[in-house]
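All remarks here apply to the structure that follows.
The values are calculated or read from the model by the stated rules, or taken from the named source; none is laboratory data. Predicted model, so just to flag it, every value in this text is computed and none were measured. Here the Cβ positions follow ideal geometry from the backbone for every residue, glycine too, while neighbour counts run over all protein chains shown.
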Amino acid sequence: MELEFTVNGREYVQDVPPDTRLIDFLREDLNLTSVKEGCGVGECGSCTVLVDGKSILSCLTYMPEIDGKEVLTLEGITDGDELHPLQQAFIDTGGVQCGFCTPGFIMVALELLNENPDPTRDEIRKWIEGNICRCTGYRKIVDAIELAARWMREGQEAVEA
Amino acid sequence: MSGEEKEYDVVSHSFPKVDGEALAKGRKVFLDDIENSTDLVASILTSPFAHAQIVDLDTTKAEKVPGVESILHYGNVPRVPHTTAGQGYPEPSPYDAYIFDDRVRFVGDRVAAVAGTSWEAVQEGLQAIEVEYKELDPILDPDRSRQSEIRIHPEEDSTGIYDPEKNIAAHVDIEVGDAGAALADADVVVTAKCKTQFAQHAPIEPHIATAHVDEYDRLIIRTSTQVPFHVRRIVSQVVGVPIKKIRVIKPRVGGAFGVKQEILLEDLVSLFALRTGKKVKMRLSREEEFVSSRTRHPMEVEVELGASKDGRLKGIRMEALSNTGAYGTHSLTVLSNVGSKTLPLYNEAPDVHFYGDAVYTNMPVPGAYRGYGAPQGYYSLEVAMDKLAEEVGMDPIEIRKINHIQEEETSPIFEKLGEGKEGTVQYIHSCKLDECIDVGAERIRWGERGSIKEAHDTEDKARGFGMSINMQGSGIPLVDLAAARLKLNEDGSFNLFVGATDLGTGSDTVLAQIAAETLGVDLDNIVVYSSDTDFTPFDSGAYASSTTYVSGNAVKKVAEDVKSQIIDLAATQYGADSKDLEIEEGRIHTPGGTIDLSDFAILTTSGELELDQQQIEATASEVPAESPPPFAAHFVDLEVDKRTGEIEILKYVAAVDCGTAINPNLAEGQMEGAIVNGIGYALTEEMEFSNSGEMINPSFFDYKIPNTEDIPEVEVILVESEEPTGPHGAKSVGEIGIDGAIPAISNAVRDATGITITESPFTPEKVWKKLQEAK
Amino acid sequence: MLKNVTEYHIPGSLDEALSLQDRESRSYFIAGGTGLALSNSNRPVELIDLGKLHLDELHLEDESGKLEIGATTKIQQLVELDELQDFAGGYLANNLEKVGSYPIRNAGTLGGSIVRPFPWSDVVPILLSLGAKIRYFDGTHGVRDLNNLYSDDFRETLRNSIVTGIEVDLPEVGETRGRFYKFSRSEFDIASLNLGCTLTALNGKITRARMAVGARPSFARRLTEVEDFLQGQSLENDLAEEATEMAADTAGVTGDRKMSKDYRLAQVRKMTEEALTGVIGDFLEQ
């Protein structure tokens, strides 16, 4: 069926079989391989992308559902090659260990920081409960989101000043 | 022999991971991203029965499925007894596995594999294979297995099985002194018998491998593995291609924890590539990862401690019964480690007896899993220590302090028991376990626990505090080999080639830091390339907590060699004596002045050098003479809901002595991750099975791994020591963090309620039942 | 994962949606997609997307306490909607947050949570314990008590109809408060047992009680005997004890691999007692 949607700012009008999962379309048709499949049943969060700004699990989402919507993956969170504060913070705090779950965590955290620029650690922990990391024990991931939030607030203050 | 505090420039600093940016950007560094599209993909048909003979296997229909290109099964592949364990040659595991066999030994065992042009075609092909099974009686219980007439490995060509008649894959029995007599003479004797479950590693990236034959007829395997060199050797062995024709490349690995120390897909992708001439990809689904890959050995371990009235250990008896499932991969070595990684900790006891069996069953296959037998051993040992403390009226901390091993002490167990054979004599040169205990006790408020409990206990809720201490090792002495190669580039940077395998742990970063520190240059002048059998020198692989210590020592050696080559050449060039030259912060200091290493480096390859221009480079090998243990103390403060049996962990603190933490942030990351994995093992993670041996919860939907809302933030404290045999004082830290949670939590539940939970995981209903019984 | 879908319809009206449904049940209504994606089914060949039918509206009449929610409303919307924060003391919004994880709630819809017969659903007992009714369309608009959800005749009706929403009628006078408990192995896990209870009270008397238990391990049900016992009683703490035994006797729980019968019964008692003492405590504190 013909669908119209946007991925990382680029518009697509495309004929897609309706039983195509969003994750497969992103990985295989658009080669956006930051989107990872860790379980296929919505329990690990590695495939999280934003659709119209909301975190969704691309392994449980079929293409017709994104008709008319905007999809954002990790590849699209910055222009060009610079690092987003979340990416820099994940690197600096050790929130990245093996890195396989990292794109999903960054995407879900991005939505959090868009909605709540100054979350508490408890709010962060609650927000990311749908994502599994087997390497870090989560502490350094929470550190990363907290640090990125601070950078983004300070950056915003700097812009406003 | 902990030395004075040393000042380091690169080591002991928390640099970001060298691959951090690529990972945080989601670049194509994992295999499924690099090889997003291959000519063929392949999957495995697995056994629906726990035990059966394949009477007939007909692929006629499957071959006709459009897109199916190749089918493998017992009738068309070489029959080579081998082990899937990626261990050093000669492997201590029995050769009891075959690429395919006409017998299946667990639900999920290999029956056939199909390669085709799409996943859909492969699925259709798998479904079209007609298999006629003759069901055999399955044996699911290890104790029954030892007494059964039914043999799980009746085949004639398997080797290395301890007693195939009794389904015993491996057996260990070592005794120091006379433990029986010591226990009989002891003032106080306590026992603990604890049982652990099947648990899975659950790396978020499941197993994946690709293979193709290149333009020069060489077999190129890319695989998410811990052991690229063992993959090359074992593929050569079972597929029949000489080692020189095989190249194994490891991309970034999305977590491993032991499960990727196993050859699970590489033999099949290789055969498909050789038969079709095309590039083939195989990857396990999450369900296959659970059912058909590897797990942790479930065990029943009984510990009997004998002590004097003042709490000094006189004798220890430890008996282990390990369920090694359908195949004996890692059966002997994991069993050995139950004793060898735990008993030397309490070297106060002069008489020690350790014995046990690893027994075949028709269950999924355990293998290597972070901790490697130590968590199973520590469960019973540390529960028994708390019982002993209670019997003699001592604080759990004090009784451990008077019994645990100290610097410059040894244990006869080191010599008696190694990796499935005799070990090596070893003295402890660095041990800050007492400091670990003290700092952990302070953070958890151990001294105030009486008043905290009193203030918080209610009719329904009981607060409890528990602790455990552990040691692990740093590699396998006189078995492991790690090698590193280092070459100088014209700009003063260095390529560091290591066979060592970064699993996401950060070992590339740690090894680069060791090289930079040794050379006297900045970290960003070290370009690491790891785990490619054509280009990097040999390394046993990332297991047994070997990388930082063993591979790190190889890197330190090679860096020292290259550094002295640079200094010698510079000394000659500038007419000075080598001993008067030094490299610091990327500059060569000579008596006549200072030159940037980058300025000198370009000379080494140009005609400007007064001497022969040359490639400065070296390779160094490291075979460790010993395996210095890291030490840790775990503390937990928790609350038990007496009406539900639920355990809520309020605070978790662990302090670890891993020598110098080469990268403190990464060392903490190893501990924090291992602890959360350990808490999952203690509380929720359990593979469950039907009566016919089929796993019934093979998904994250039903196999519960802790998330952020299940656990508090664990607090890790690095208590650094200086290990004189380690690279810049370091010991390894990859595994030890998983040893402590089960016993510490069990001990805290006992402190809270008086009941001892002797079976993990500690589900609410188990706790509740024990509490009901105790009423 | 779906494998055989060939047709995807986006009807513009309920009539059209219903007419698209084939008689061999190979067509499926979808809204959020989550449940179906999880079902890993080869069966669906036609999907009928209800997303364009404007079934995501919410009406709340503050005066009468009547709430109507459209079936395609996402669970997370209900958690966040300002209008619901005070409804029944926040009972609905606060407790729906215990369903799944954030991204799951972003995709999952109210209607989807009702029509998929998962015995461990948290949404169903939460709604049951508010005394919710289902609105459906089978050519004409109908309303039926949610407590009939798992009855054979209603499942049959549902097969040929579209769930359009739910409605909750709180008593016009009095205040309503509730408690919902979920027992699961981890935070992000389906329930092994769940129980919800709301009480409406006026002048110190319980005018309406609704209590439901789910994951028994079979489908959720209302505990009408307990409700009848509670209604008309004065708000006193000792009500809990008698109600607790009554709940245990009538919950109809059995054992499964997650919980034995004895343990489940003990937890029904605990949850009932805590729910009632909690709610009664809320009222008495006022």
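Being facing another protein chain (nearest Cβ under 10 Å), part of a loop (DSSP other than H, G, I, E, B) and within 21 Å of the chain's Cα centre (by Cα) is a description that applies to B:GLU685. Considering every residue within region B:558-567, establish whether at least one is assigned to a helix (DSSP H, G or I), touching a Cys at 6+ places or on another chain (Cβ under 9 Å) and not assigned by TED's automatic domain parsing to the domain that holds B:GLY440. No, because not a single residue in region B:558-567 is assigned to a helix (DSSP H, G or I), touching a Cys at 6+ places or on another chain (Cβ under 9 Å) and not assigned by TED's automatic domain parsing to the domain that holds B:GLY440.
Out of region B:617-656, which residues are farther than 22 Å from B:ASP539 by Cα and of a type in the set (A, V, I, L, M)? Across region B:617-656, the qualifying residues are B:ALA632, B:ALA633, B:VAL636, B:LEU638, B:VAL640, B:ILE647, B:ILE649, B:LEU650, B:VAL653, B:ALA654, B:ALA655, B:VAL656.
One line per residue, one yes/no per condition, for (1) in contact with a Ser or Thr (Cβ under 8 Å, 6 or more places away or on another chain); (2) surrounded by 24 or more Cβ atoms within 10 Å (Cβ to Cβ):
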site: B:ILE316; (1), (2): no, yes
site: B:ALA326; (1), (2): yes, yes
site: B:VAL338; (1), (2): yes, yes
site: B:THR342; (1), (2): no, yes
site: B:ASN347; (1), (2): yes, no
site: B:PRO366; (1), (2): yes, yes
site: B:GLY373; (1), (2): yes, yes
site: B:GLY377; (1), (2): yes, yes
site: B:LYS387; (1), (2): yes, no
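Taking residues in region C:215-226 that are assigned by TED's automatic domain parsing to the domain that holds C:CYS197, and partners anywhere that are crowded, with 17+ Cβ neighbours inside 10 Å and hydroxyl-bearing (Ser, Thr, Tyr), the pairs with Cβ atoms closer than 7 Å and at least 6 places apart or on different chains are C:ALA215/C:SER192; C:ALA220/C:SER121; C:LEU223/C:THR250; C:GLU225/C:THR250; C:VAL226/C:THR250. Taking region B:595-682 and the strands (runs of 3 or more DSSP E) fully enclosed by it, the elements with 1 or more residues that are in the same structural domain as B:SER451 (by TED's automatic domain parsing) and either over 29 Å from B:VAL521 (Cβ atoms) or out of contact with any strand residue (DSSP E or B) (no Cβ under 7 Å at 6 or more places or on another chain) (or both) are at B:631-641, B:647-657.
Summed over region C:183-205, residues that are within 14 Å of chain B (Cβ to nearest Cβ) and of a type in the set (S, T, N, Q) total 4. When region B:647-682 is limited to residues that are small (Gly, Ala, Ser) and touching a Leu at 6+ places or on another chain (Cβ under 8 Å), the one that is farthest from the other protein chains (Cβ to nearest Cβ) turns out to be B:ALA655.
Yes/no matrix, rows are residues, columns are (1) within 14 Å of chain B (Cβ to nearest Cβ); (2) over 18 Å from the mean Cα position of the chain (by Cα); (3) not in a strand (DSSP E or B):
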site	(1), (2), (3)
C:THR207	no, yes, no
C:ARG216	no, no, yes
C:GLU225	no, yes, yes
C:VAL253	yes, yes, yes
C:LYS258	yes, yes, yes
C:LEU265	yes, yes, yes
C:GLU273	yes, yes, yes
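Pairing each residue of region B:733-761 that is charged (D, E, K, R) with any residue that is surrounded by fewer than 24 Cβ atoms within 10 Å (Cβ to Cβ) and assigned to a loop (DSSP other than H, G, I, E, B), provided the two are 6+ apart or on different chains, yields C-beta distances under 6 Å for B:ARG750/B:THR756. Being at pLDDT 95 or above, within 9 Å of chain A (Cβ to nearest Cβ), in a loop (DSSP other than H, G, I, E, B) and surrounded by 22 or more Cβ atoms within 10 Å (Cβ to Cβ), is that true of even one residue in region B:714-722? Yes: one or more hits. A:THR120 fulfils the conditions (1) of a type in the set (Val, Ile, Thr); (2) touching a helix residue (DSSP H, G or I) at 6+ places or on another chain (Cβ under 6 Å); (3) at pLDDT 95 or above except for a single criterion, (2). Of all residues in region B:688-710, those satisfying the criterion of being in contact with a helix residue (DSSP H, G or I) (Cβ under 7 Å, 6 or more places away or on another chain), more than 8 Å from every other protein chain (Cβ to nearest Cβ) and assigned to a loop (DSSP other than H, G, I, E, B) are B:PRO698, B:TYR703.
State whether one or more residues within region A:38-59 are more than 9 Å from every other protein chain (Cβ to nearest Cβ), at pLDDT 95 or above and part of a helix (DSSP H, G or I). Checked region A:38-59: no residue is more than 9 Å from every other protein chain (Cβ to nearest Cβ), at pLDDT 95 or above and part of a helix (DSSP H, G or I).
Taking region C:244-268, which residues are in contact with a strand residue (DSSP E or B) (Cβ under 8 Å, 6 or more places away or on another chain) and buried (at least 16 other Cβ atoms within 10 Å of the Cβ)?
Within region C:244-268, C:ALA247, C:ALA251, C:VAL253, C:MET259, C:ARG264, C:GLN267, C:VAL268 meet the criteria.
In region C:247-260, the residues that are in contact (Cβ under 8 Å) with a residue 24 or more places away in the chain reach residues that are surrounded by 13 or more Cβ atoms within 10 Å (Cβ to Cβ) and acidic (Asp, Glu) with C-beta atoms within less than 7 angstrom, at least six apart or across chains, in these pairs: C:THR250/C:GLU225; C:MET259/B:GLU765. Those strands (runs of 3 or more DSSP E) of region B:1-106 in which at least 1 residues are touching a helix residue (DSSP H, G or I) at 6+ places or on another chain (Cβ under 8 Å) and under 26 Å from B:PRO366 (Cα atoms), considering only elements entirely within it, cover B:40-46, B:68-73. Within region A:77-97, being crowded, with 19+ Cβ neighbours inside 10 Å, more than 8 Å from chain B (Cβ to nearest Cβ) and under 20 Å from B:ASP33 (Cα atoms) holds for one residue alone: A:ILE77. Kindly indicate whether C:ARG208 is modelled with pLDDT of 95 or more, touching a Pro at 6+ places or on another chain (Cβ under 8 Å) and of a type in the set (D, E, K, R). Yes; evaluated as a whole, the condition is true for this residue. For C:THR176, the conditions (1) within 14 Å of another protein chain (Cβ to nearest Cβ); (2) hydroxyl-bearing (Ser, Thr, Tyr); (3) crowded, with 22+ Cβ neighbours inside 10 Å all hold with the exception of (1).
Among the residues that make up region B:166-183, is at least one of them closer than 26 Å to B:SER690 by Cβ and polar (S, T, N, Q)? Yes, region B:166-183 has at least one match. Within region B:703-726, residues that are basic (Lys, Arg) reach partners that are part of a loop (DSSP other than H, G, I, E, B) with beta carbons closer than 7 Å, at six or more positions or on different chains, in the pairs B:LYS704/B:THR684; B:LYS704/B:GLU685; B:LYS704/C:ARG185; B:LYS704/C:SER186; B:LYS704/C:ASP189. Among the residues of region A:98-128, the ones that are at the interface with chain B (Cβ under 9 Å from one of its Cβ atoms) and more than 14 Å from the chain's Cα centre (by Cα) come to 5 in all. I'd like the residue in region B:45-71 that is among the aliphatic types (A, V, I, L, M) and in contact with a Phe, Trp or Tyr (Cβ under 8 Å, 6 or more places away or on another chain) and, out of all such residues, is surrounded by the fewest Cβ atoms within 10 Å (Cβ to Cβ). Only one residue tops the list, namely B:VAL55.
Quick one: would you say C:LEU158 is assigned to a helix (DSSP H, G or I) and under 30 Å from C:LEU235 (Cβ atoms)?
no
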